[in-house]
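> Okay, handing you the structure first.
The values are calculated or read from the model by the stated rules, or taken from the named source; none is laboratory data. Please read these numbers as outputs of a predicted model, since none were measured by experiment. Glycine gets a Cβ as well: all are built from the backbone with ideal geometry, and neighbour counts include every protein chain shown.
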Amino acid sequence: MSWTKETEQQLRKVIKESGVKLLEENLVQGTWGNTAVRLDDNHMLVTPTGLDYIALQPEDMPIVQIDDPSVWSDGKKPTSERKIHAAVLLSRPEINATIHSHPVYCSMLASARIPLPIMSEEMQKLVGGEARVGKYGLPGTKGLKKGTVAAMEGRNACFMANHGVFCAGRDMDEAFAIIRIMEQSSYEYVKRMTLSLTGQTTYSDELLFDYFINY
């Protein structure tokens with residue numbers, strides 16, 4: 001099945017807007033995140049590597065082959081993490097949009113390799129259960145891809161050890177709802193654990209940092 005040019009143009013704008021939205025909502029650091037949307041069963045649009053989200057134009061987004069992400073056309077050089085996006089889309093036909101990013105509190109848990117328990121009904125609904133931590137792998141490697149795909153089984157989000165978070169939805173709106181609840185839930189978990197460990201009743205980032213430095 002092929003896609004129409006109209007659909008392609010719409011999805012190019014979705015990718016462009018997703019990068020800007022990640023910045024506006026403080027869900028990414030610099031240009032370190034990346035997003036993808038499915039074009040058809042074997043093609044996806046992804047963000048290019050290392051380019052400013054504000055300056056990016058819809059035509060800059062490359063088309064990548066899902067079953068062989070080394071094959072791409074149009075646009076600029078695709079993100080090195082395209083293999084992970086492709087592997088998730090290949091294994092999950094119901095998924096059409098993916099986000100990999102480094103929000104502050106998600107990154108804390110990913111760096112500590114701590115899974116996130118279910119923090120709310122909304123998290124249960126959107127993520128599908130606790131957020132696991134995928135096995136460690138260097139950026140762009142087969143190990144990172146395999147670890148992420150395994151941690152995503154039966155879930156719509158996971159942590160990537162020492163790295164960040166990966167989220168997947170039926171469309172980009174749902175993927176954003178998932179990364180938002182992941183960051184909110186990660187904050188609540190960090191807050192809960194900090195208060196428990198320090199015996200304090202009021203949370204602040206300073207309290208967390210002081211505890212980390214002293215212990």
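> Cβ-Cβ below 7 Å, separation at least six or inter-chain, first residue in region 32-55 and aromatic (F, W, Y), second part of a loop (DSSP other than H, G, I, E, B): which pairs?
That search, which allows pairs on different chains as well, returns W32/H102; Y53/T31.
> Can you find a residue that is outside any helix (DSSP H, G or I), acidic (D, E) and out of contact with any Pro (no Cβ under 8 Å at 6 or more places or on another chain) anywhere in region 57-77?
There is at least one residue in region 57-77 that is outside any helix (DSSP H, G or I), acidic (D, E) and out of contact with any Pro (no Cβ under 8 Å at 6 or more places or on another chain).
> Tally the residues that are farther than 19 Å from V20 by Cα and either among the basic types (K, R) or at pLDDT 95 or above (or both), restricting the search to region 162-181.
1
> Separate question: Whether any residue in region 95-110 is within 17 Å of C158 (Cβ to Cβ), surrounded by fewer than 20 Cβ atoms within 10 Å (Cβ to Cβ) and of a type in the set (A, V, I, L, M) is what I want to check.
Yes, some residue in region 95-110 is within 17 Å of C158 (Cβ to Cβ), surrounded by fewer than 20 Cβ atoms within 10 Å (Cβ to Cβ) and of a type in the set (A, V, I, L, M).
> While we're here: Out of the residues in region 151-191 that are within 17 Å of L90 (Cα to Cα) and acidic (D, E), state the one that is nearest to the chain's Cα centre (by Cα).
D171
> Related question: Residues that are closer than 20 Å to A86 by Cα and out of contact with any strand residue (DSSP E or B) (no Cβ under 9 Å at 6 or more places or on another chain): list the helices (runs of 4 or more DSSP H) wholly contained in region 111-215 that include at least 1 such residues.
By residue number, 142-151.
> Any residue at all in region 79-89 that is in contact with a helix residue (DSSP H, G or I) (Cβ under 9 Å, 6 or more places away or on another chain) and closer than 13 Å to G19 by Cβ? Write out each step before concluding.
Taking region 79-89 as the starting set, the residues that turn out to be in contact with a helix residue (DSSP H, G or I) (Cβ under 9 Å, 6 or more places away or on another chain) are 79, 81, 83-84, 86-88.
When the remaining residues are screened for being closer than 13 Å to G19 by Cβ, the result is 79.
Checking region 79-89: at least one residue is in contact with a helix residue (DSSP H, G or I) (Cβ under 9 Å, 6 or more places away or on another chain) and closer than 13 Å to G19 by Cβ.
> Could I ask something else about it? Condition first: touching a residue at least 60 places away in the same chain (Cβ under 8 Å) and either aliphatic (A, V, I, L, M) or part of a strand (DSSP E or B) (or both). Now tell me which residues in region 90-110 satisfy that.
Listed by number, the residues that qualify are I95, A97, T98, I99, H100, S101, V104, M108, L109.
> Sticking with this structure for a sec: Counting only residues that are surrounded by fewer than 17 Cβ atoms within 10 Å (Cβ to Cβ), polar (S, T, N, Q) and over 19 Å from W3 (Cβ atoms), which one in region 66-94 is farthest from the chain's Cα centre (by Cα)?
S70
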